[in-house]
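Take a look at this one; I'll ask things after.
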Amino acid sequence: MEKSEQFWTILFAMLLLSSFVALPVIREQRWYKKLLFYYFPKYLVPLTPGLKPINVYYKALTPEERKRFEWRVYYFITSTEISFRQFKTTQLINYNAARYLIASCASQISLFLSEDCYDAFHKIIIYPDKYYSPITGQYHKGETNPGAGYIVLSWNSLNSGFANNADGINLLMHELAHALWLENKMFDYEIFEAEALEAYEVMAAVTKANMQTSGEEHFFRRYALTNDEEFFAVAVENFFERPVQFSAALPDLYTTMVNLFKQDPIKLYASRA
Ligand SMILES: [Zn+2]
């Protein structure tokens, strides 16, 4: 073999080898998944064969927004490990539908925000009911752990959150709100625009002060007073579950939420109903 020929053979072998090493890494990249999703969808395994979009929110979107919604759902499911623990085999659960519901809810909240949303979280663990956390020594319905990058949810609480849309209580939305808040505050992700966040925080402080004096009668449940993170999570639950009532009860705070999430659930539903 000639010297130059030898050179090309070695180079080719090295390229081949490195592409094998790199392929699994590339396959996990967002740009690669996006390329496939938008331009080569026939190479993808359908996420939910036979399942129609189960989120009513989807129906209120324009065709372009629907495509974006579907992409985000796809990316969330393929980049997040959603695992069910301690479920009895006799419990009949459509695991794929549950994963799809979680990804839909996450996409609804983040649809008009950065694609980096939830990237710090790679795992969602679901228990049948309240679970014991050895870290806090207590039973929990849900938990968002930014250090370890996971969210834990109780299946019963998750379901009851969606069963009643009028109470402004939704565990999944609550924990996802924590995830975004922590990414923005702790990890310096640019989830929210600084100006919009500041305006929200001013109104949140005003609302909290009013809550302190109003007693039990306030639109938000008392739990919102725990701290800034819990207040935000409760605000998010109400914003997406009962926006009309939220806007009527706390119009100024509602407006800051519209600017924060770059969407107005009231207008979205009304204009395209
Ligand atoms: Zn919380």
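The values are calculated or read from the model by the stated rules, or taken from the named source; none is laboratory data. The shown structure was predicted, so the numbers you read here are calculated from the model rather than taken from an experiment. Cβ placement follows ideal geometry from the backbone for every residue including glycine, while neighbour counts extend to all protein chains displayed.
Considering only residues that are in contact (Cβ under 8 Å) with a residue 24 or more places away in the chain and of a type in the set (Gly, Ala, Ser), which ones fall in region 127-146?
Gly142
Follow-up. Please go through region 122-165 and give me each residue that is among the β-branched types (Val, Ile, Thr) and closer than 19 Å to Glu230 by Cβ, ordered by number. Explain how you work it out, then say what you get.
From region 122-165, those among the β-branched types (Val, Ile, Thr) are 124-126, 135-136, 144, 151-152; that's our starting set.
Of everything in region 122-165, those that are among the β-branched types (Val, Ile, Thr) and closer than 19 Å to Glu230 by Cβ turn out to be Ile135, Thr136, Thr144, Ile151, Val152.
Identify all residues within region 211-225 that are farther than 17 Å from Ala166 by Cα and more than 16 Å from the ligand (Cβ to nearest atom); write none if there are none.
Met211, Gln212, Thr213, Ser214, Gly215, Glu216, listed by residue number.
Starting from residues that are out of contact with any Ser or Thr (no Cβ under 6 Å at 6 or more places or on another chain) and farther than 16 Å from Phe231 by Cβ, keep the ones in region 166-183 and report whichever is nearest to the ligand (Cβ to nearest atom). I'd like the intermediate steps shown before the answer.
Filtering region 166-183 for residues out of contact with any Ser or Thr (no Cβ under 6 Å at 6 or more places or on another chain) gives 166-170, 172-174, 176-177, 180-183.
Among the residues that remain, those that are also farther than 16 Å from Phe231 by Cβ are: 166-167, 172, 183.
On the way: Ala166: 20, Asp167: 16, Leu172: 12, Glu183: 15 Å.
Here the answer is Leu172.
Quick test for you: out of Glu193, Glu198, Glu237, pick the one residue that is within 16 Å of the ligand (Cβ to nearest atom) and among the charged types (D, E, K, R). Let's see the steps before the verdict.
Details: Glu193 fails: within 16 Å of the ligand (Cβ to nearest atom); Glu198 fails: within 16 Å of the ligand (Cβ to nearest atom).
One residue alone meets the criteria, Glu237.
Let me ask something else about it. If you check Ala204, Ala177, which single one turns out to be under 19 Å from Asn145 (Cα atoms), aliphatic (A, V, I, L, M) and surrounded by 13 or more Cβ atoms within 10 Å (Cβ to Cβ)? Working first, answer last.
On the way: Ala204 fails: under 19 Å from Asn145 (Cα atoms).
It is Ala177.
Exactly one of these conditions fails for Ala248: (1) among the hydrophobic types (A, V, I, L, M, F, W, C); (2) modelled with pLDDT of 95 or more; (3) surrounded by 16 or more Cβ atoms within 10 Å (Cβ to Cβ). Give me its number.
Evaluating Ala248 over (1) among the hydrophobic types (A, V, I, L, M, F, W, C); (2) modelled with pLDDT of 95 or more; (3) surrounded by 16 or more Cβ atoms within 10 Å (Cβ to Cβ) leaves (3) as the failure.
OK, next. Please specify each residue of region 244-273 satisfying the condition of being closer than 18 Å to Gln108 by Cα and not in a helix (DSSP H, G or I).
Across region 244-273, the qualifying residues are Lys262, Gln263, Asp264, Arg272, Ala273.
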